[in-house]
Amino acid sequence: MSTTTTAPEIEGLKARLRETWMAGDYDRFSRHMEQGARIFYEQLDLPAGCQLLDVACGSGQVALWAARDGMNVTGVDVAPNLVQRAQARAKAEGLNARLMEGDAEALPFEEATFDVVTSLVGAMFAPRPELVARELLRVCSPGGTIAMGNWTHDGFAGQMFKLSRSSSRPRACRRRCCGATRRWFARGLATGYRTFG
């Protein structure tokens, strides 16, 4: 049995993930988590004017809090409908935020572009966490902050997803990714790695 995940398998998985995020109304659901996003954002205690990138921004939970606070905000998400929703919300509030479609595994930005890079329950869904860690490090300026809020395997959400995971990822990817996110990020972000809460 081969343990190599091929490019077509990964691209197929990414297409299915994108379709999943485009189905239903995540924006409506995410409104119930806005206070959690506010708490996550406020823990960062950032000075005004920072260049902030929100990876897997969804409909703007963290990005919009940052924009309200006067940060220079860029948000990316794999689902164009969520990006459109975030753009509409920013426009309705008169917020200045650049929100666009993008892949957490291949961010469309130059090295060291952002002072702060965040992802709240978003980039953790990318199929190859080692690529995400590399990308977050690449676009974050030296001495900058990378903050992620992720579900854990042992928590309720992790256990719930464990039930459906066996059919949603290619076999080799399954073995690598299950339980690997924290390990990859801790190793990849080694300097200054710490957890909150």
Exposure proxy check: PHE114, PHE109, PHE40 ranked by fewest other beta carbons within 10 Å? PHE109, PHE40, PHE114
What's the exposure ranking of SER59, SER141, SER119, going from fewest to most Cβ atoms within 10 Å? SER141, SER119, SER59
Dimensions (Å) - the stretch 9-103, Cα atoms, principal axes, largest first: 42, 24, 24
Under-5 Å amide H pairs with GLY75, H placed in peptide plane, nonlocal only: ASP54, ARG98, LEU99, MET100
Taking θ = phi - 60°, what integer Hz values does the Karplus form 6.51 cos²θ - 1.76 cosθ + 1.60 yield along the stretch 56-71, in sequence order, with x for Gly and Pro? 6, 6, x, 8, x, 3, 7, 4, 6, 4, 5, 5, 4, 8, x, 6
Using each residue's phi in the stretch 127-132, evaluate 6.51 cos²θ - 1.76 cosθ + 1.60 at θ = phi - 60° and report the 3J(HN,Hα) Karplus result to the nearest Hz, with x for Gly and Pro. x, 10, x, 5, 6, 4
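Each value in this text was obtained by applying a stated rule to the coordinates, not by laboratory testing. This one's a predicted model, so the numbers in the text were calculated from it and none came from an experiment. All Cβ positions, even for glycine, are placed from backbone atoms using ideal geometry, and neighbour counts span all protein chains on display.
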